[in-house]
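I have placed the structure first, in the form of structure tokens, so that the comments after it can refer back to it.
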Amino acid sequence: MLSRLPQVARHLSRPAITSFVTPSTSAPRRTSTTGLFNSIMGSTATADERNARTIHTAACLIIGDETKDTNSNYMAKWCFNLGINLKRIEVIADDQDEIVEAVRRMSDRYDFVVTSGGIGPTHDDITYQSIAKAFGLPLKLNQEAFALMKKISVPRKGDPPFEWDKPSPVLTAKLRMVELPTDVNRDPAKQFLFPCEELWVPVAVVNGNVHILPGVPRLFERLLDGLKPYIQPRLVDPEGKGIARVTISTPIPESAIAAYLTELAGRVEPKGVKVGSYPRWGEKHNTVTLVGKDKAFIDSIAPEVCHYVKGRIVANEGDDDADAAAPTEPPVQVAGAPASETADVTTTGSGTK
């Protein structure tokens, strides 16, 4: 369920990064720094190839764990609506080694990567410099972003006075936000996107598929939404029909319907449909979901699932919680379940999700 996606386990241990090899003493070839990084790290895809390939999978890296994350949940819904399979969400600290390892791995494994956070003006905002290091790129002042910053920025009450053309600590802090990882041998139009005309904040695209976004939810959401026209031609379904979902509320404990759901999952998998089962602790109903791209097929099997789990389709999980206080029929015994198990999820053991 989308509401549970922010509960994805944090990445607590990571494999060691392969050491860089000793440079050859032969005459160097002219190549982009990203290309050099890929050859050293054993990756075969160039940044331009990553930037052009079809988007099947995505990953979200939340940088900075001092605030409550809502951006991964928003991205999960965004990917769902576009038919992108969000495979991984990680939350890591503002630590350069952590960021370097994570973005290298994600860029190599997933088609579309988004980072959130760590691009502000303070000393602990190290996302740009860390991602630049990860792919062997320099940080360069982006003149377009800087010009937009000067044009659009409005001083806030309490901001210290400063001048755009006079060196000062305030100007230095502002410049940190527009000094971006830059591959001088690649087309700038593929590296720096400005999805929102009313915002000076750019989306830097590094190694062809790592998109750097701010952590402020309002900015993150607007910029992510603004990326849709850029990536839509590369979607599996360019029309953006997304994924269909049917949510079924059932009073039956998970263990009592596990055998049926296992059989169902194997039967519908060839159709690209996934069956989910989620306990709802402290409530009288659990949730079964059917998720896939073939809406007609999902709609055709939903009545069968409702029948076998003694449930009904709901628009949102928990919609029928109010019914729990009303008189109900005696507990239902599902074929194959131990006679001691009833529909009371508060007394029946089931797995965590």
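The values are calculated or read from the model by the stated rules, or taken from the named source; none is laboratory data. Everything quoted here is computed from the prediction, not taken from an experiment. All Cβ positions, glycine included, derive from the backbone under ideal geometry; neighbour counts span all protein chains shown. Heads up: the accessible areas ignore ligands, DNA and RNA and are worked out on the full protein's heavy atoms, side chains in. Shrake-Rupley method; radii C 1.70, N 1.55, O 1.52, S 1.80 Å.
Side notes on the structure shown:
- You will find that of Ala59, Ala145, the residue that is on the phi < 0 side of the Ramachandran plot, aliphatic (A, V, I, L, M) and surrounded by fewer than 23 Cβ atoms within 10 Å (Cβ to Cβ) is Ala145 and no other.
- Residues in the range 241-263 that are crowded, with 19+ Cβ neighbours inside 10 Å and among the acidic types (Asp, Glu): Glu254 only.
- The condition of being modelled with pLDDT under 95, under 20 Å from Leu219 (Cβ atoms) and among the small types (Gly, Ala, Ser) holds for only one of Ser153, Ser130, that being Ser153.
- The condition of being more than 30 Å from Asp183 (Cβ to Cβ) and open to solvent by less than 30 Å² (accessible area, probe 1.4 Å) holds for only one of Gly266, Gly276, Gly282, Gly226, that being Gly276.
- Within the range 163-211, the set of residues being open to solvent by 70 Å² or more (accessible area, probe 1.4 Å) and aliphatic (A, V, I, L, M) comprises Val184 only.
- Looking across Pro233, Pro238, Pro214, one residue alone is within 30 Å of Arg50 (Cα to Cα), touching a helix residue (DSSP H, G or I) at 6+ places or on another chain (Cβ under 7 Å), of a type outside the set (A, V, I, L, M, F, W, C) and open to solvent by 30 Å² or more (accessible area, probe 1.4 Å). It is Pro238.
- Of all residues making up the range 242-270, the number that are assigned to a helix (DSSP H, G or I) and hydrophobic (A, V, I, L, M, F, W, C): 8
- Scanning the range 290-323 for residues that are surrounded by 17 or more Cβ atoms within 10 Å (Cβ to Cβ) and β-branched (Val, Ile, Thr) yields Val291, Ile298, Ile301, Val305, Val309.
- Condition met for Ala52 (of a type in the set (A, V, I, L, M, F, W, C) and either open to solvent by 10 Å² or more (accessible area, probe 1.4 Å) or within 20 Å of Pro238 (Cα to Cα) (or both)): yes
- Checked against the criteria, Arg245 does not count as out of contact with any strand residue (DSSP E or B) (no Cβ under 7 Å at 6 or more places or on another chain) and of a type outside the set (Asp, Glu).
- Restricting Lys151, Lys174, Lys133, Lys166 to those that are of a type in the set (D, E, K, R) and in contact with a Pro (Cβ under 7 Å, 6 or more places away or on another chain) reduces the list to Lys174.
- Among strands (runs of 3 or more DSSP E) entirely within the range 133-236, having at least 3 residues that are under 27 Å from the mean Cα position of the chain (by Cα) singles out 179-181, 203-206, 210-213.
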